[in-house]
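Enquirer: What follows is a structure written as structure tokens; I'll ask about it next.
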Amino acid sequence: MSKGNIGVTSDNIFPVIKKFLYSDHEIFLRELISNAVDATTKLKTLSSVGEVKGDLGDLRVRVAIDKKKKTLTVSDHGIGMTAEEVDKFINQIAFSGAEEFLNKYKDKTEAIIGHFGLGFYSAFMVSKKVEIFSQSYKEDAKAVHWSCDGTPEYTMEDTIKSERGTDIVLHIDDEFTQYLEDATIEGLLKKYCKFLPVEIAFGKKKEWKDGKEVELDEENIINDVNPAWTRKPADLKDEDYDKFYHELYPMQMDEPLFHIHLNVDYPFNLTGILYFPKIKSNLDVHRNKIQLYCNQVYVTDEVENIVPEYLTLLHGVIDSPDIPLNVSRSYLQSDNNVKKISGYITKKVADKLAELYKADKDEFAKKWDDIKMFIQFGMLTDEKFYEKAVGFALYKNLDGKYATLEEYKDQVRDKQVDKDGNLVLLYTNDPDAHYTYIERAKAKGYDVLLMDGELDVHAMSQAEQKSEKLRFVRIDSDTIENLIKKEDTAKDTYSDEQKEGLRKAFENLLPNDADKLKYYVTCEAAAADALPVFLTQNEFMRRMKEMSAHQQGMSFYGQMPDSYNLVVNTAHPLIQELVGKETSEEVQEEVEKDGKKETVTKTVYTLANEDERMKQLIDIALLASGQLKGEALAKFVNRSVELL
Ligand code: ADP
């Protein structure tokens, strides 16, 4: 037997390991199993080049709990280690690496989370003593037994071990007895080892028989050694991708909409499968996340800096040995490889969407409502993605027909260009509330888009910025004649003074709560068959208010009161009748003209506003846009009955 001190400078580093890694101590199992898998893979490689002869035999990695001895053992039949190798890899190098690592991240506990690199020594996070029993594959090598109780002192001696490979025996600390529970270990294995390339066995398979759970003879294999992303796309059918999706997310009932198989080996290594999920509600959005693997070892499901933000809503896996895992998040953002990876994923996703769109436009349109949010989000945040996505981003009209912006522009260009050459696209976000406006637009032969998505307002602003002479206008933002102004529209025959009298009379009757709600009144000749009085809401102000709800720095707009225009339609017979009831008087008024004061005579029109019909007309306008409520609505109903 030999004794020695592990090559570290600090007296006892194990308390440090325990303390700093406290929040993440479960990763010890991932580290030990990764080592076991590596040792097995190395053996296979040596065998394939003829350096190891004969049949390799059973290569399963096994995890076992002994509750009486309070041990957890990870065993492999890999290459094993000789005494010299244990000395070199465990006593010296590995530990100096661990010390360096701890020094570097002492102040940043969170940076340690999700790291790789502490390796074998992470076993001391949960153990009071760790033993290694190893038999190297090398001929004539003696088996070695190494033991260390958490001080820098270790012992090493020859031993007898019948099988090639390594057993790592952890004597679990009294504080961490949860790691002696089958359920805990099985849970961790499922989390970290589900797709490792070597079979991992834990206990026996169980089955329900006559209401009891019974153990079978067969070993319980935790992992799928050939997960779909490691296979060639040509060898996989759609069903295989769907099956793998459910393997990844056993609780997810819905089928994904479609998948994208990623596969690059230059200038970085990356494989994976991304799925577009069906999102039913916002709650779903972050339930299942993209999982990041490193050579089939699970690392994390926090991929924010590796995948562009809008794609974090997707599901699936990414596996890359080239993503630096043992560094902090801010470093990750500036890492060149990571930037390239993110760019590659963007391109691949965009190309796949373009391909799906080209292959079957109707099928793509059917999926559009489900994928619209990802695509708009991507177009708004990533210029490169925008450039590709304009070719397949769709707009849907009220008849449920879909078209790209370019296609749609061509469809409506005939009718919807105004006198200044602007192409005006009409939309609604609420077809029920805008029913009357929509009917009038349709009567004119105009088409109306349905834009009721969360990001639609932003998407429209972006489209306007990107194309000249294009405007989106919500259907209720002006009279139909003004929405798309053709050559100057018909005027009424009334004088400005007459209209001012009419305007004031209506204004006096309107409820105005300056802080929250403001109504402006204008008199315009709309069509004779339009409503006598109706409300419109300015497109610009409304959009600014809507956007301010999502964006910082725009709160100024958010604080403005909601404002509406009450249009009094002077082409309507009922309004013409009211104008006829105006009384006029001549008033003298002093005005300044060329620096001199002058007295002029003006005709002022007034309309007595006790006319119940005016109140009725205002209420009808409010009602038509869903703004008549409570007491005002009750009054309207009563008044209507009286008038009848
Ligand atoms: P890393 O795995 O990152 O190199 P570790 O501290 O986990 O660091 O392991 C150090 C070295 O010890 C490994 O590189 C390997 O050579 C050796 N080793 C660890 N576990 C085993 C094992 N189960 N079988 C064979 N060699 C092992």
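Enquirer: Can you tell me which residue in segment 522-561 is nearest to MET451 (Cα to Cα), limited to those that are aromatic (Phe, Trp, Tyr) and modelled with pLDDT under 75?
Expert: TYR557
Enquirer: Which ones in segment 131-149 are more than 13 Å from the ligand (Cβ to nearest atom) and either among the polar types (S, T, N, Q) or surrounded by fewer than 19 Cβ atoms within 10 Å (Cβ to Cβ) (or both)?
Expert: Listed by number, the residues that qualify are GLU139, ASP140, LYS142, SER147, ASP149.
Enquirer: Here's a follow-up. Among the residues of segment 323-333, is any at pLDDT 90 or above and not assigned by TED's automatic domain parsing to the domain that holds VAL448?
Expert: no
Enquirer: Sticking with this structure for a sec: Which of the residues that make up segment 414-466 are free of Cβ contacts under 8 Å to residues at least 60 places away in the same chain and of a type in the set (Gly, Ala, Ser)?
Expert: Correct list: GLY421, ALA441, ALA443, GLY445, ALA463.
Enquirer: Continuing with this model, one more query. Residue under question is ILE168, and the condition is that it be more than 15 Å from the ligand (Cβ to nearest atom) and surrounded by 17 or more Cβ atoms within 10 Å (Cβ to Cβ); does it hold?
Expert: Judged against the criteria, ILE168 is not a match.
Enquirer: Which one of these does GLU207 not meet: (1) more than 20 Å from ALA36 (Cβ to Cβ); (2) at pLDDT 95 or above?
Expert: So GLU207 meets the others, but not (2).
Enquirer: Restricting to segment 378-424, give me the number of residues that are more than 22 Å from the chain's Cα centre (by Cα), farther than 26 Å from ASP360 by Cβ and either β-branched (Val, Ile, Thr) or not in a loop (DSSP other than H, G, I, E, B) (or both).
Expert: 3
Enquirer: Scan LYS67, LYS53 and give me the residue that is modelled with pLDDT under 95 and more than 15 Å from the ligand (Cβ to nearest atom).
Expert: The match here is LYS53.
Enquirer: Sticking with this one: State whether the residues of segment 120-141 include one that is modelled with pLDDT of 85 or more, in contact with a helix residue (DSSP H, G or I) (Cβ under 6 Å, 6 or more places away or on another chain) and of a type in the set (Gly, Ala, Ser).
Expert: Checked segment 120-141: at least one residue is modelled with pLDDT of 85 or more, in contact with a helix residue (DSSP H, G or I) (Cβ under 6 Å, 6 or more places away or on another chain) and of a type in the set (Gly, Ala, Ser).
Enquirer: Considering only residues that are within 27 Å of LYS53 (Cβ to Cβ) and either near the ligand (Cβ under 10 Å from one of its atoms) or not hydrophobic (A, V, I, L, M, F, W, C) (or both), which ones fall in segment 70-86?
Expert: Correct list: VAL74, SER75, ASP76, HIS77, GLY78, ILE79, GLY80, MET81, THR82, GLU84, GLU85, VAL86.
Enquirer: Hey, another quick one. On the given criteria, is GLN576 surrounded by 12 or more Cβ atoms within 10 Å (Cβ to Cβ), modelled with pLDDT of 80 or more and polar (S, T, N, Q)? Outline the logic, then answer.
Expert: Details: surrounded by 12 or more Cβ atoms within 10 Å (Cβ to Cβ): yes; modelled with pLDDT of 80 or more: yes; polar (S, T, N, Q): yes.
For GLN576, the condition - surrounded by 12 or more Cβ atoms within 10 Å (Cβ to Cβ), modelled with pLDDT of 80 or more and polar (S, T, N, Q) - is met.
Enquirer: Out of ASN91, ASN35, I need the residue that is out of contact with any helix residue (DSSP H, G or I) (no Cβ under 8 Å at 6 or more places or on another chain), of a type in the set (S, T, N, Q), within 12 Å of the ligand (Cβ to nearest atom) and closer than 20 Å to SER122 by Cα. Which one? Spell out how you get there, then give the answer.
Expert: On the way: ASN35 fails: out of contact with any helix residue (DSSP H, G or I) (no Cβ under 8 Å at 6 or more places or on another chain).
None of the others qualify; the one that does is ASN91.
Enquirer: Got a sec? Which of GLU153, GLU163, GLU186, GLU157 is surrounded by fewer than 21 Cβ atoms within 10 Å (Cβ to Cβ) and within 16 Å of the ligand (Cβ to nearest atom)? First the steps, then the outcome.
Expert: Details: GLU153 fails: within 16 Å of the ligand (Cβ to nearest atom); GLU186 fails: within 16 Å of the ligand (Cβ to nearest atom); GLU157 fails: within 16 Å of the ligand (Cβ to nearest atom).
GLU163 is the lone residue from the list that is surrounded by fewer than 21 Cβ atoms within 10 Å (Cβ to Cβ) and within 16 Å of the ligand (Cβ to nearest atom).
Enquirer: I would also like to ask the following. Within segment 42-50, is there a residue that is outside any strand (DSSP E or B), within 11 Å of the ligand (Cβ to nearest atom) and charged (D, E, K, R)?
Expert: Let us first name the residues in segment 42-50 that are outside any strand (DSSP E or B), namely 42-50.
Within this subset, residues satisfying the condition of being within 11 Å of the ligand (Cβ to nearest atom) are 42-43.
From what's left, charged (D, E, K, R): 42.
Yes, that holds for at least one residue.
Enquirer: Can you tell me which of (1) modelled with pLDDT under 90; (2) under 19 Å from VAL412 (Cβ atoms); (3) crowded, with 16+ Cβ neighbours inside 10 Å is the one LEU470 doesn't meet?
Expert: (1)
Enquirer: Given the conditions (1) at pLDDT 95 or above; (2) out of contact with any Phe, Trp or Tyr (no Cβ under 9 Å at 6 or more places or on another chain); (3) away from the ligand (no atom under 16 Å from the Cβ); (4) within 21 Å of MET81 (Cβ to Cβ), which single one is not true for ILE200?
Expert: Result: ILE200 passes all but (3).
Enquirer: Give, as residue ranges, the helices (runs of 4 or more DSSP H) completely inside segment 439-524 that count at least 3 residues that are polar (S, T, N, Q).
Expert: Answer list for segment 439-524: 456-466.
Enquirer: Right, another one. Name every residue in segment 351-389 that is among the hydroxyl-bearing types (Ser, Thr, Tyr) and either more than 20 Å from LEU450 (Cβ to Cβ) or surrounded by fewer than 16 Cβ atoms within 10 Å (Cβ to Cβ) (or both), in order of residue number.
Expert: Of everything in segment 351-389, those that are among the hydroxyl-bearing types (Ser, Thr, Tyr) and either more than 20 Å from LEU450 (Cβ to Cβ) or surrounded by fewer than 16 Cβ atoms within 10 Å (Cβ to Cβ) (or both) turn out to be THR381, TYR386.
The values are calculated or read from the model by the stated rules, or taken from the named source; none is laboratory data. Everything numeric in this text was worked out from a predicted model, so none of it was measured. As a convention, Cβ positions derive from the backbone with ideal geometry for all residues, glycine included, and neighbour counts pool all protein chains shown.
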